[in-house]
1. Between rounded, prolate and oblate, where does the range A:441-540 land on the alpha carbon gyration tensor, with a ≥ b ≥ c its root eigenvalues, rounded for a/c under 1.5, else prolate if a/b exceeds b/c?
2. On average, how many beta carbons from a partner chain sit within 10 Å of the beta carbon of a residue in A:173-184?
3. With every protein chain left in place, what is the accessible area of B:E626 in Å² (1.4 Å probe, nearest 10)?
4. What's the magnitude of the charge dipole for the protein assembly as shown around its Cα centre, counting Lys and Arg as +1 and Asp and Glu as -1 at the beta-carbon? Answer in Debye, nearest 20.
5. Placing +1 on the Cβ of each Lys and Arg and -1 on the Cβ of each Asp and Glu in the protein assembly as shown, which of A:G323, A:A144, A:T406 has its Cα farthest towards the positive end of the resulting dipole?
6. Find every distance from the label point of B:P268 to the corresponding label point in the other copies (7 Å from Cα along Cα→Cβ) and write them in nm, one decimal, shortest first.
7. Which one, B:F658, B:G271, B:C88, projects farthest toward the positive side of the charge dipole computed for the protein assembly as shown from Cβ point charges (K/R +1, D/E -1)?
8. Using only atoms on other chains, find how many Cβ atoms lie within 10 Å of each Cβ of peptide A:566-575 and report the average.
Protein chains: 2
Amino acid sequence: MTTPEGPDFSLADVAREGLIERPGVEPATHDGTGRVDLAFTVHAKAEDGSALPPTQRGVRVPPGVTVFDAASWNGIAIDSTCGGHGTCHKCRIRVEGGEVPITRHDARTFTESQLTDGWRLGCLVHATRDLAVEVPPLTTRPKAATVGIGRQVILRPALQKRYVELAEATLSDQRTDLVRLTDAIDDLELTADLHVLRRLSTVLRESDFKVTAVVLDEALIDVEPGDTTAARYAIAFDLGTTTVVGTLLDVGTGTPLAVTSSLNKQQPFGGDVITRISATMMDKDALGRLQEAAGATLAELATRVCREGGVDPSQVYEVAVAGNATMTALALGIDPEPLGVAPFVMTAAQPPSVLASELGLSLHPRARAFFFPALGAYVGGDIVAGMLATGMDRDKRTRLFIDVGTNCEIVLSDGETILSTAAPAGPAFEGGAIRCGMRAADGAIEVIKVDPHALGDDPAVTLGVIGDVEPRGLCGSGLVDAVSELVRVGLLDDTGRLVTDEAAKEIAPGLADRLARIGEERVFVLHRPTPETEVAECVYLSQRDVRELQFAKAAISTGWTLLLEQLGLEHRDVQQVLLAGSFGSYLSPASAVRIGLVPKLPVLRIVAAGNVAGEGAKMALLSVRERAGALALLEEVSYVELSDRPDFNDTFVDQLAFGS
Amino acid sequence: MTTPEGPDFSLADVAREGLIERPGVEPATHDGTGRVDLAFTVHAKAEDGSALPPTQRGVRVPPGVTVFDAASWNGIAIDSTCGGHGTCHKCRIRVEGGEVPITRHDARTFTESQLTDGWRLGCLVHATRDLAVEVPPLTTRPKAATVGIGRQVILRPALQKRYVELAEATLSDQRTDLVRLTDAIDDLELTADLHVLRRLSTVLRESDFKVTAVVLDEALIDVEPGDTTAARYAIAFDLGTTTVVGTLLDVGTGTPLAVTSSLNKQQPFGGDVITRISATMMDKDALGRLQEAAGATLAELATRVCREGGVDPSQVYEVAVAGNATMTALALGIDPEPLGVAPFVMTAAQPPSVLASELGLSLHPRARAFFFPALGAYVGGDIVAGMLATGMDRDKRTRLFIDVGTNCEIVLSDGETILSTAAPAGPAFEGGAIRCGMRAADGAIEVIKVDPHALGDDPAVTLGVIGDVEPRGLCGSGLVDAVSELVRVGLLDDTGRLVTDEAAKEIAPGLADRLARIGEERVFVLHRPTPETEVAECVYLSQRDVRELQFAKAAISTGWTLLLEQLGLEHRDVQQVLLAGSFGSYLSPASAVRIGLVPKLPVLRIVAAGNVAGEGAKMALLSVRERAGALALLEEVSYVELSDRPDFNDTFVDQLAFGS
């Protein structure tokens, strides 16, 4: 199979490529731009089998994401045992609005009238347009859960509960209380800490020796009266520099019960890791205050997911935290200074297991916190979690994983060797250093389409705005779209310079009047509230903004270019590019290809991977094997330090141009 | 070799038995009664080799104890590498006052003039009379230490310090700080907890990567700037129900630096374990207060030994605690109730490792506390420590270990099988339930000799009084002596009844006037301050006191009788009886034999073993092998529950009489 080379390939040529992502699935084509809205109506049953009132959830995702993944990433549980590969035929959903093709798996699974009613397998429905989706109640108590990018995880959580009924002691059976209990759970080599021993004899006798042992790995962390085996909860945290996401999980079923997010309370200390590290270097007390802020963020999310999920926080026994090396260090109160200065050294790759209470969380008093290990100072636990969620260590395809952000982490696997590196992209993607830049919040332009040949009332510039409100600024994906569209129509040349007014009038007469100046600097106006609004009051893209983006994308493409070179690979060899992280997942694949942020590949090979750090954290909670896999990545992945490479600067200069 | 049967054997007959204790040593004979005072003058050198002012220490021990042991038990260090077996010829001391025989080892070790000056090997000098002893400064940095009953412990403490000078990180060597350190200590599989990681990067950089790793087992508990390897301290605690003893140890040399003791601050809750367990059952808050009291006792002793030893408490990295099961549970805040009621079940045999700070100790913040495991609710960690210190698990002789107290623990080994049990002796040995009973404090009569044929001014009754003051009462060893002497002269018959006044006049005319009555009860007056003093105001032994002692000794002798039966052994098969604990060690062996508290054996087979629990605690701190040996005892020793035995009552009745 030949692969089209440039960004301007025909979508029809590569429609078949959808097969790479989902074996056996009819390809759902999309042009790699924009957003889709999914309106979920979720049905559920109470413990007694009676129906609960349905809940409504709205979800906004990049086009092409499957309904199953979109639901999963947002904590909406859909039956599945195959991991979203179209084989278990369990992930039944009903598409209420919008037309969705019938796959051969759907035809085998549903009756004619069900198909007419809109029933489909959720893992096969690619959301290429807005849909209303009805999710039936869970029918199975699963032995496995689907998380991450189609990862099917056999449930074997570190957290186990065992209900036992013990014989009471006699003079001829004076076994200690602990031995009496552990003899009854003889498939585990349990160890008990002091806090359990302090209560053990009382709990056993007050509950007539009928108790539930709460076990984390092989540590007996509590003994609860009676049978509490149904209550097995844990929280997965994606501890981002900007945004922190918490997911409450029932680890017995793999079901997410609630998901919520908030800004990291460390924000007042600086928007990125370097400013926060600097804060600790300036002020002796800053580390303590940053640690408290991280703890307070996690604690608030824990409280919220427990309330939303209707779970007693004291029945949450474990948390997993995926964060970059600096966020991890700060949350644990480890001095981050060496992370911020060459030679960029971590204190330890694998943080020790700590009590959740040491982080400031009020969960079960002996609940533990697992922190993901890091590969390097700038390829942290969030990336290790993301590699787990995307199966970077298992998939035999050649895949490139890019987490776009201020610090951009890049992982390349050819199915044998796995390389990782970090690229200092700077704040452009988060709206920093961009004149009209802002975070991806209400009023941010996130999608831009430009039509230089628009006629009559058709708009020459179409904006997608978060919250569908008056545009206030430009977020990262909007910035990438803007630059990409201006390159596409020729208003930006390959070197990143806005063309002259004369050239603009020739190339795109309908857009030329949007080129303006603020002082000496040329700008392209994206949104002018009223015809009278001064240019400086508009939302615009400046020449300097374009330069910022050029530097950012060059840093990133230098990273994967050098990794590709190291494995002797060409762009076309990459079978899948995973765009991860809160920004990467919302990037328009077509624009990313066009500006050279990712290799020149068909857009269907560019996959929005969602919050893979959070997904990896869930996997670590659901499976000790997956957790061991995360630790094994420390050995399996080679970290490439770019700042040490003699060819870095040459490659970087090569990558600055958009034509490269 | 035949062994005399009764208690009235000739001492000459069995003089050779001393050889059993100390191979190659000329036997020092003693009659198994009384006390000796040793006045030590201890010389020491400062770090720079200059002489420090000598210190004076007075020590009071039962006769027959070697000068080496007497010094060792009291924290006075004497050079030795052979464990007091007379082979290393290092334990040189000078006897300043008192005549001491010259052994063949002394003759080989010292010159004629040295011998004349009083130089001897300390392990061969049995203190059969008061001695003044000069101890030279330590000359060697030993690889082994002598503790317990001649146990030679190769120094391999859990606490290790390693000084390393590390290469600084570079871009081409980005190993984490932890890996950089652990790579330099590659013979250990070190793990670091969060508290170490929090400081690691700062300490490394502030000390130019020249640091000392502080290791407990394989846990890295601290990284200190520079070379601190010389400061390796630990504290051994004997946590008794009544008395608590703390010994500060330099674990690098095995040298005890200070020893001190105090009453257990739990005393206000009751004198014995049962009353303290009852307190926790009556009052919900009592367990917390008992735990605090235990911690406060240990903390005060820790402060005192550190001050006396001139050691910074933050350089004490480990403590070992040997206590009975109840003391251990209370110190750890574990509910002791099941220990106090049938079927007498422990929460756990091996308490978990805890931080010393959790006990309330202000030592190194990550200092750990090791608690000895227990064999049963009434054969606790103090006995396991005692078994370690006396080598009950290694010695191939048939030996009986008896820790005499309110609860009396008994261990019997025939060199193959080891049995243990507990006998409820009651409070008689601690002065409880005895009319004139008191603890072994100033004014307590501790030694009694009776001469029915005393003439003229010779006293018919000779009293040894603690503190050499006016007698105020009778402590346990005095009680045993009193009963033993009255049995010997015939004023008490075999059934424990004081003979009639008529019979007394015939048997012992010089003593008959000491028989009197208080109300209906007959008493024997031991001390009458003035001829006019009322009998009730005198120090006396009552008929009921004798009964109390009979019950106590019968409980104990029933214990070892049943253990002997279980192994098919006779009294004469026992090659050594070790009397342990603060009371047992001060018991007169002759009296113990005469009243039947121990098997009928020559007194030289009855050995005062000193504070073996504290010695065991020291061993656990000095050697991980010995500590493992203590844990192995849980498997090697069978616990025999006497209250479950059908033959218990019959044996008990048999053992009540003194003639049995």
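The values are calculated or read from the model by the stated rules, or taken from the named source; none is laboratory data. All values derive from a computational prediction rather than experimental measurement. Virtual Cβ from ideal backbone geometry, glycine too; neighbours counted across all protein chains shown. Surface accessibility is based on the protein's heavy atoms, side chains included, excluding ligands, DNA and RNA. Shrake-Rupley method; radii C 1.70, N 1.55, O 1.52, S 1.80 Å.
1. Rounded shape, in that the Cα axes give a/c under 1.5.
2. The shielding value for this peptide is 4.
3. 10
4. I would put it at about 280 debye.
5. Most positive-ward Cα: A:A144.
6. The projected label point of B:P268 is separated from its counterparts by 4.5 nm.
7. B:C88
8. Whole-number average of other-chain Cβ neighbours for A:566-575 is 0.
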